[in-house]
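We did not get these values from a lab; they are worked out from the coordinates using the rules stated. These figures come from a predicted structure and were not determined experimentally. Counting neighbours? That spans all protein chains shown, and the Cβs are built from the backbone with ideal geometry, glycine included.
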Amino acid sequence: MKTYNRLNLSEREEISRNLAIGNSIRSISQRIQRHPSTVSREINSCVVDKKYYRAIFAQQYHNKMARKQRANRKLETNPALRQTVLGYLNKKWSPQQIAKRLKVLYPNDMTMQVSHETIYSFIYVLPRGSLKKEIVNCLRRKHQYRRPRKPERKNNSGAIQDYLSIEERPVEVAERIVPGHWEGDLLMGSRNASAIGTLVERTSRMTFLVKLENKDAKAVREAFAEEFKVLPPGLKRTLTYDQGQEMAQHKVFTKETNISVYFAHPRSPWERGTNENTNMLLRQYFPKGTNFNKISKERLKEVQDELNDRPRKTLNWYTPHERFGELLR
């Protein structure tokens with residue numbers, strides 16, 4: 001027998017022809033001067049039943065697997081690229097965000113670029129252990145189907161009074177052309193006993209996380225107004241909110257901030273889709289059951305910065321910090 005190297009197309013054609021005429025694996029191995037186990041592994045890796053083995057399809061399959069292995073080796077053999085990818089994964093960036101961001105950061109350096117499929121492959125071929133578990137935990141959860149959404153929170157104290165409907169909101173808000181239009185909500189903690197405020201700017205996706213000592217209307221109004229204080233007038237025009245009672249003091253809020261508040265229809269979370277998506281991302285940091293009373297303001301701002309430093313597909317792989325910074329100039 002000769003020293004082992006990969007089967008080539010002519011050998012695979014010989015295997016295919018001999019299988020077609022009913023020759024045994026041992027007989028085929030003698031013809032191509034390969035070990036019988038090599039021929040057996042070749043057939044079993046490509047088809048369930050050997051009568052379906054075809055040389056051209058087998059060659060295409062092995063070429064595809066070889067390309068995947070070469071791609072995975074790029075992360076194995078390039079320490080700088082590997083450390084960069086692992087660093088971003090640790091910040092809870094998705095593989096797609098990492099791949100697209102690397103193209104922005106290293107447009108002319110192919111050694112520092114990698115596809116998101118390769119990142120996923122690299123992660124899942126890692127042997128079982130603490131490292132693999134740690135990295136997989138950094139990935140965003142992906143569901144095979146959309147889960148039914150719960151109805152929005154109802155409050156027995158009555159509906160929001162004297163409010164502006166989302167239907168009255170300026171057209172420029174929906175078109176995301178003019179900055180300074182925000183969406184807001186509460187991210188609820190364990191048993192709805194605690195919460196934080198989330199505010200998202202619609203054009204840049206800039207997110208503010210607001211520490212709340214209480215989730216009643218007065219506390220929410222004061223905390224949101226304080227958060228908006230640092231912004232110039234051109235970046236605080238409107239706020240779109242659901243009909244939760246925590247925004248019952250919307251008129252006082254508007255008087256204090258000059259921000260008009262518009263309310264979405266009941267049980268219509270898609271009308272505040274930017275905020276809903278942001279709250280979903282935040283669950284990576286604050287899973288359901290979190291007690292927000294135990295989360296410091298400093299920790300909230302750390303998470304806020306991490307979220308705003310993630311590149312976004314909708315921003316052409318720039319970050320909310322970068323886009324919002326352009327608006328402040």
Of Tyr241, Tyr124, how do they rank once you tally other Cβ atoms within 10 Å and put the fewest first?
Tyr124, Tyr241
Let me test this: with uniform point scatterers at the alpha carbons of the chain, what is the Debye-based log₁₀ I(q)/I(0) at q = 0.06 1/Å?
-0.36
FRET E, pair Asn23, Val104, Förster distance 51 Å, beta-carbon r, rounded to 0.05
0.35
In units of 2.2 N^0.38 Å, the Cα radius of gyration of the range 263-318 is 1.34
At a 10 Å Cβ-Cβ cut-off, how would you order Asp162, Asp109, fewest neighbours first?
Asp162, Asp109
Could you order peptides 226-232, 89-95 by the average number of other Cβ atoms within 10 Å of their residues, highest first?
89-95, 226-232
Which far-off residues, 5 or more places away or on another chain, put their amide H under 5 Å from the one on Thr240, with H placed in the peptide plane?
Trp182, Glu183, Gly184, Tyr262
Efficiency of FRET between Ser190 and Asp216 - r from beta-carbon atoms, R0 25 angstrom, step 0.05:
0.90
Restraint check, Lys91/Lys294; Lys229/Lys255; Lys218/Lys251; Lys100/Lys236; Lys92/Lys288, Cα-Cα greater than 19 Å:
Lys91/Lys294; Lys100/Lys236
Distance between the C-alpha centers of the range 8-51 and the range 225-286? Whole Å please.
66
Any residue on another chain or 5+ positions along whose placed amide H is under 5 Å from the amide H of Tyr318 is listed here as Arg312
How large is the charge dipole for the range 183-289, taken about the Cα centre, if only the Cβ atoms of Lys, Arg (+1) and Asp, Glu (-1) carry charge, to the nearest 20 debye?
60
Considering the chain as a Gaussian network with a 10 Å cut-off on Cα pairs, which listed residue, Asn275, Asn258, Asn108, attains the greatest mean-square fluctuation?
Asn108
Looking at the chain as a GNM with Cα springs under 10 Å, which of Ile177, Ile21, Ile123 has the largest mean-square fluctuation?
Ile21
Any aspartates and glutamates with Cα under 14 Å of the Lys64 Cα? List them, leaving off those in the same chain fewer than 8 positions away.
Glu117
